[in-house]
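Undergrad: This is the structure, below, for whatever I ask next.
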Amino acid sequence: MKQIFHEIILRTKGPGLYDFTDQTLDFLNSNKMLNGILNINILHTSASLIIQENADPDVLYDLNNFFKKLVPMDNKLYKHTTEGKDDMPAHIKSALTNSHLTLSIKDGKTILGTWQGLYLFEHRLENQTRRVSHHLMGE
Amino acid sequence: MKQIFHEIILRTKGPGLYDFTDQTLDFLNSNKMLNGILNINILHTSASLIIQENADPDVLYDLNNFFKKLVPMDNKLYKHTTEGKDDMPAHIKSALTNSHLTLSIKDGKTILGTWQGLYLFEHRLENQTRRVSHHLMGE
Amino acid sequence: MKQIFHEIILRTKGPGLYDFTDQTLDFLNSNKMLNGILNINILHTSASLIIQENADPDVLYDLNNFFKKLVPMDNKLYKHTTEGKDDMPAHIKSALTNSHLTLSIKDGKTILGTWQGLYLFEHRLENQTRRVSHHLMGE
């Protein structure tokens, strides 16, 4: 059994979805794993991970907009306000989506649908540097 | 280490929860894996996967109904409307639930609670053919 | 390849987030796994698992409060009411969060961010005994 660890750094500029599929595929292609599991974890609780459609950018806009309305940036709604009006909504949006994605690798390729892309979902207003752990385990 | 890949095809007829626990158990029983991980991924972004109560069908009705009200099929709310009024809500509902489930296998059996079943959560109105990848890794 | 199974029992007293990070780390430390996957599954459908900030308790309060308002305990909204006004909301809140967490282990340590803790999210009103399966697989 082989195990390989790698960290991808993503720089975000405000709320929205950031496609990191290519970085993940680059990591996969540089390691000759035939079959196995790729476990991806975000090391933060105010940004999250999702698999979404990679065809129409409007889908990404609508997704971000839905979460913006569902979890308002309104200090009156929360007790935890010391880190800014966007911090508590960011934690809630993270809880509603995912902190990790687990993909299967078969014949050297990720098992993903034609229209599936990997996204970091940023929920904070300020620029951020986000760490996304990649862990490949297989043969 | 052994790895086995399998794809389950589910035909859906409108929004709601479709139990595929039996198909997953059939796949497990036909392969003599003692201990390991079963990684299940849906290859679409307008349907999702959840583990839910398998006792009372009203639970499945209420779940679907809650998501229907939370994410309205109303074109005025979205920019991405070219694929029908149900498409963008389908992407959002998928983001709110799961694109994959990772189960543990011990002594040849999935570690699941007594009342836990595996469901595909269909979010589109038209009939669909859904691909659900199964990847067994262990010994 | 080594595989180790363990079950953590958590006793909950009403809705809210219960930190079980220490119990998980105790399990890890008592087993000398260098690199691998830790798959954590909750064996219930009316409580769930999330990774969240472990610094400010107000975050935990606000999270619970958000879900309380999003999924009201109001029997008029649901068909499944025989198990109490809190049961159907508990299933919905579970569907909106996670039934499992998959962590990566590197050099004997979980890959988690500085502020990330592991929480059981209880959604029922009465005291409960919750089973959380831990499955370690690696070398």
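The values are calculated or read from the model by the stated rules, or taken from the named source; none is laboratory data. Only a predicted model underlies this, so the values are computations on that prediction, with no experimental measurement involved. Neighbour counts are summed over all protein chains in view; Cβ atoms, including those assigned to glycine, are modelled from backbone coordinates with ideal geometry. Note: accessible area is taken over every heavy atom of the protein model, side chains too, but ligands, DNA and RNA are not part of it. Shrake-Rupley method; radii C 1.70, N 1.55, O 1.52, S 1.80 Å.
Undergrad: Do you know which of the residues in the stretch A:111-139 that are part of a strand (DSSP E or B) and open to solvent by 30 Å² or more (accessible area, probe 1.4 Å) is nearest to B:Gln3 (Cα to Cα)?
TA: My answer is A:Arg131.
Undergrad: For B:Asn64, which of the numbered conditions (1) part of a helix (DSSP H, G or I); (2) of a type outside the set (D, E, K, R); (3) in contact with a Phe, Trp or Tyr (Cβ under 7 Å, 6 or more places away or on another chain) fails to hold?
TA: (3)
Undergrad: Applying the selection to the stretch A:48-60, what residues are under 21 Å from B:Thr82 (Cα atoms) and either free of Cβ contacts under 8 Å to residues at least 12 places away in the same chain or open to solvent by less than 10 Å² (accessible area, probe 1.4 Å) (or both)?
TA: Those that are under 21 Å from B:Thr82 (Cα atoms) and either free of Cβ contacts under 8 Å to residues at least 12 places away in the same chain or open to solvent by less than 10 Å² (accessible area, probe 1.4 Å) (or both): A:Gln52, A:Asp56, A:Pro57, A:Asp58, A:Val59.
Undergrad: Whether any residue in the stretch C:49-59 is within 22 Å of B:Asn54 (Cα to Cα) and either more than 9 Å from chain B (Cβ to nearest Cβ) or of a type in the set (S, T, N, Q) (or both) is what I want to check.
TA: Within the stretch C:49-59, one or more residues are within 22 Å of B:Asn54 (Cα to Cα) and either more than 9 Å from chain B (Cβ to nearest Cβ) or of a type in the set (S, T, N, Q) (or both).
Undergrad: Can you list residue pairs whose Cβ atoms sit under 6 Å apart, with the first residue in the stretch B:23-39 being over 18 Å from C:Asn39 (Cβ atoms) and the second being open to solvent by 60 Å² or more (accessible area, probe 1.4 Å)? Count only pairs 6 or more apart in sequence or on different chains.
TA: Correct list of pairs: B:Phe27/B:His6.
Undergrad: Right, next: Which one of B:Thr82, B:Thr45, B:Thr24 is more than 14 Å from chain C (Cβ to nearest Cβ) and more than 23 Å from C:His91 (Cα to Cα)?
TA: B:Thr82
Undergrad: Follow-up. Go through C:Met88, C:Met73 for me and flag whichever is open to solvent by 10 Å² or more (accessible area, probe 1.4 Å), more than 14 Å from chain A (Cβ to nearest Cβ), over 15 Å from the mean Cα position of the chain (by Cα) and of a type outside the set (S, T, N, Q).
TA: C:Met73
Undergrad: Which is open to solvent by 20 Å² or more (accessible area, probe 1.4 Å) and either closer than 24 Å to C:Phe121 by Cβ or in a helix (DSSP H, G or I) (or both), of A:Thr82, A:Thr102, A:Thr45, A:Thr24?
TA: Of A:Thr82, A:Thr102, A:Thr45, A:Thr24, the one residue that is open to solvent by 20 Å² or more (accessible area, probe 1.4 Å) and either closer than 24 Å to C:Phe121 by Cβ or in a helix (DSSP H, G or I) (or both) is A:Thr82.
Undergrad: So, one more: Is there any pair with a first residue in the stretch C:114-139 that is within 14 Å of chain B (Cβ to nearest Cβ) and farther than 13 Å from C:Gln23 by Cβ and a second that is among the polar types (S, T, N, Q) and outside any strand (DSSP E or B) whose Cβ atoms are under 7 Å apart and which are 6 or more apart or on different chains, and what are they?
TA: C:His123/C:Ser46; C:His123/C:Ser94; C:Arg124/C:Ser46; C:Leu136/C:Asn31; C:Gly138/C:Asn35; C:Glu139/C:Asn35
Undergrad: Being open to solvent by less than 30 Å² (accessible area, probe 1.4 Å), in contact (Cβ under 8 Å) with a residue 40 or more places away in the chain and over 17 Å from B:Phe27 (Cα atoms): is that true of B:Ser94 here?
TA: Against the criterion (open to solvent by less than 30 Å² (accessible area, probe 1.4 Å), in contact (Cβ under 8 Å) with a residue 40 or more places away in the chain and over 17 Å from B:Phe27 (Cα atoms)), B:Ser94 qualifies.
Undergrad: Looking at (1) open to solvent by less than 70 Å² (accessible area, probe 1.4 Å); (2) in contact with a Leu (Cβ under 8 Å, 6 or more places away or on another chain); (3) of a type in the set (D, E, K, R), which is the only condition C:Asp19 fails?
TA: Only one criterion is unmet by C:Asp19, namely (1).
Undergrad: Does A:Ser104 fit the bill of being among the small types (Gly, Ala, Ser) and either at the interface with chain C (Cβ under 8 Å from one of its Cβ atoms) or free of Cβ contacts under 8 Å to residues at least 40 places away in the same chain (or both)?
TA: It is false that A:Ser104 is among the small types (Gly, Ala, Ser) and either at the interface with chain C (Cβ under 8 Å from one of its Cβ atoms) or free of Cβ contacts under 8 Å to residues at least 40 places away in the same chain (or both).
Undergrad: May I pose another question? Could you grab me the full set of residues in the stretch A:1-16 that are open to solvent by 10 Å² or more (accessible area, probe 1.4 Å), closer than 22 Å to A:Gln128 by Cα and assigned to a loop (DSSP other than H, G, I, E, B)?
TA: The answer is A:Pro15, and nothing else.
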